[in-house]
1. Filter the range 154-169 for residues that are surrounded by fewer than 16 Cβ atoms within 10 Å (Cβ to Cβ) and assigned to a helix (DSSP H, G or I) and give the result.
2. Can you tell me which of C207, C196 is more than 30 Å from V69 (Cβ to Cβ) and either in contact (Cβ under 8 Å) with a residue 60 or more places away in the chain or open to solvent by less than 10 Å² (accessible area, probe 1.4 Å) (or both)?
3. Would you say I189 is open to solvent by 10 Å² or more (accessible area, probe 1.4 Å) and closer than 22 Å to A32 by Cα?
4. Among the hydrophobic types (A, V, I, L, M, F, W, C), touching a residue at least 40 places away in the same chain (Cβ under 8 Å), buried (at least 21 other Cβ atoms within 10 Å of the Cβ) and over 28 Å from V291 (Cβ atoms) - does that describe any residue in the range 231-249?
5. Looking only at helices (runs of 4 or more DSSP H) that lie completely in the range 52-151, which have at least 2 residues being open to solvent by 20 Å² or more (accessible area, probe 1.4 Å) and at pLDDT 90 or above?
6. What is the number of the single condition among (1) part of a helix (DSSP H, G or I); (2) more than 15 Å from the chain's Cα centre (by Cα) that G18 does not meet?
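The values are calculated or read from the model by the stated rules, or taken from the named source; none is laboratory data. Note that this is a predicted model, so its numbers are computed, not measured. Neighbour counts are summed over all protein chains in view; Cβ atoms, including those assigned to glycine, are modelled from backbone coordinates with ideal geometry. Please note that ligands, DNA and RNA were not included when accessible areas were found on the heavy atoms of the full protein model with its side chains. Shrake-Rupley method; radii C 1.70, N 1.55, O 1.52, S 1.80 Å.
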Amino acid sequence: MAAMQKNTLKYSAVVFLGGASYGVMAATVKSAFAEGFAWAQTAASQAFFGALLFAVALVVLAAFGKRPVPLAPKRVLALLGLGLTTCTTCVLYNFALTMLPVSVAITLLFQFTWIGIVFQVIATRRRPHGAEVGAAVIILGGTLLASGLFSSTVGYLDPLGIACALLSAVSCATFMFLSARIGVDLPPIERGLVVCLGACILGFAVCPDYFASGALQAGIWKYGLILGVFGLFVPVVLFGIGTPHLSAGLSTIMASSELPCGIAISVIILSEPVDAFQVAGIVVIMLGVVVSQLPNLVPPRASRSEAEGR
């Protein structure tokens, strides 16, 4: 039992880091917008550079004698579909960022925390653990505070932007749910390359003139590289490692590290204002993460009884 708790903590930490890497995306996309690049170009850049990074990593591994695992067409299609799912999140979220402040867009995306628990209930037909429900409620309360919605500086919120951000939450929860079930036995780099190729399908569909537009020569490559690393390479690898060992509800809760990291980076890079409510919200979110891990932090009863007997 103790070993199981230790493993859950380890894989929870892996997913937590994967979620934190997503926090870089909003500030990077907004910076690209400020330089004149379109949301479709940023989405295509993320998919392209993510695939490029995995391809380079696979070549390096091959140079050291590690050969790729043969994949059946059915598995390739499943992984490509997984890539389409994560790129859907990217497309919807990037589009929402053209209409909403970072704090609002990331808060709406953050609804994937409770959506993931709903997916878990539907798939397993069992009630979520009390710690998962309690953590989700605490985190949702924290996101409302951290979003800046209580600030008078938020202003008018575009309904289309709100809808796209909420849909990105659904696709994000879907990606995390499927990530724990598709190709989890494959080497992470090979798996990640096929997933990113799937992301490229949608990325180039929304921006068909990506290479002809001159965006790469104009400098979008530097934003694409950052988005490829933190928006695809790191989370795809880490979620592929961690989510198969966690419930869907716990995985989405641990990925909630995205919001405090996203807000902190937006404050540093974009100089977005942050007030006491937002700071309190970040603290509450971290409290929710701790609550979700209470069953793994408290020693099992048998172990406590044995310790007391000694």
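1. P159, L160, A163
2. Of the residues listed, the single one that is more than 30 Å from V69 (Cβ to Cβ) and either in contact (Cβ under 8 Å) with a residue 60 or more places away in the chain or open to solvent by less than 10 Å² (accessible area, probe 1.4 Å) (or both) is C207.
3. Considered against the rule, which asks whether it is open to solvent by 10 Å² or more (accessible area, probe 1.4 Å) and closer than 22 Å to A32 by Cα, I189 comes out as no.
4. Yes, the range 231-249 has at least one match.
5. It comes to 73-97.
6. (2)
Residues checked against (1) touching a Gly at 6+ places or on another chain (Cβ under 8 Å); (2) closer than 21 Å to A51 by Cα; (3) modelled with pLDDT of 85 or more:
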{"residue": "I189", "(1), (2), (3)": "no, yes, yes"}
{"residue": "G224", "(1), (2), (3)": "no, yes, yes"}
{"residue": "F239", "(1), (2), (3)": "yes, yes, yes"}
{"residue": "S247", "(1), (2), (3)": "no, no, no"}
{"residue": "S303", "(1), (2), (3)": "no, no, no"}
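Matching residues to (1) over 24 Å from S31 (Cα atoms); (2) free of Cβ contacts under 8 Å to residues at least 24 places away in the same chain; (3) among the β-branched types (V, I, T):
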{"site": "P101", "(1), (2), (3)": "no, no, no"}
{"site": "F119", "(1), (2), (3)": "yes, no, no"}
{"site": "A135", "(1), (2), (3)": "yes, no, no"}
{"site": "I138", "(1), (2), (3)": "yes, no, yes"}
{"site": "A146", "(1), (2), (3)": "no, no, no"}
{"site": "L157", "(1), (2), (3)": "no, no, no"}
{"site": "L167", "(1), (2), (3)": "no, no, no"}
